[in-house]
């Protein structure tokens, strides 16, 4: 799969298993998995890190195979889902840091171009998340990237 704003077309990645059933070597129950997800979320762990921790520490290859639900669905059921999606928050933080850099290095043309690309991604994500109802329809990203 080609990257959005890159010149290369790398396809190196792992493939998900075809089976929807968990492998027989997974010993953890769905209830235990959900309890771990809720516990990690209450500790402040972001959803992407929860999946990595479950894989590396507890041996859960895919949460959806074990529980039948995604990590986001489990967090939503327990009202622990962050109000701004993690990918959008990360892009906003990256754009904020890039603007901070540009305030001291005004002639950094490469960074100006990268900032434009990041802002385009932010606007696409805001449009998508507001369309599906994940964020309010009137959500605005203010200048200097504080949450609106």
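Quick check: is even one residue across region 113-122 within 30 Å of residue 23 (Cβ to Cβ) and under 16 Å from the mean Cα position of the chain (by Cα)? Spell out how you get there, then give the answer.
As a first pass, look at region 113-122 and keep what is within 30 Å of residue 23 (Cβ to Cβ): none.
No, region 113-122 contains no residue that is within 30 Å of residue 23 (Cβ to Cβ) and under 16 Å from the mean Cα position of the chain (by Cα).
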For region 48-57, indicate whether the set of residues that are outside any helix (DSSP H, G or I) and exposed (fewer than 14 other Cβ atoms within 10 Å of the Cβ) is non-empty.
-> yes
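Looking at this structure, is residue 36 surrounded by 14 or more Cβ atoms within 10 Å (Cβ to Cβ) and over 30 Å from residue 140 (Cβ atoms)? Walk me through how you get there before you give the answer.
On the way: surrounded by 14 or more Cβ atoms within 10 Å (Cβ to Cβ): yes; over 30 Å from residue 140 (Cβ atoms): yes.
Judged against the criteria, residue 36 is a match.
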With respect to the numbered conditions (1) more than 20 Å from the chain's Cα centre (by Cα); (2) within 27 Å of residue 126 (Cα to Cα); (3) in a loop (DSSP other than H, G, I, E, B), which one is the sole condition not fulfilled by residue 45?
-> (1)
State the number of residues belonging to region 123-144 that are farther than 19 Å from residue 83 by Cβ and more than 17 Å from the chain's Cα centre (by Cα).
-> 2
Within region 1-42, how many residues are under 17 Å from the mean Cα position of the chain (by Cα) and outside any helix (DSSP H, G or I)?
-> 2
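The numbers here are math on the coordinates, done by the rules we state, and not lab data. Just so it is clear, the structure is predicted and the values come from calculations on it, not from any experiment. Virtual Cβ from ideal backbone geometry, glycine too; neighbours counted across all protein chains shown.
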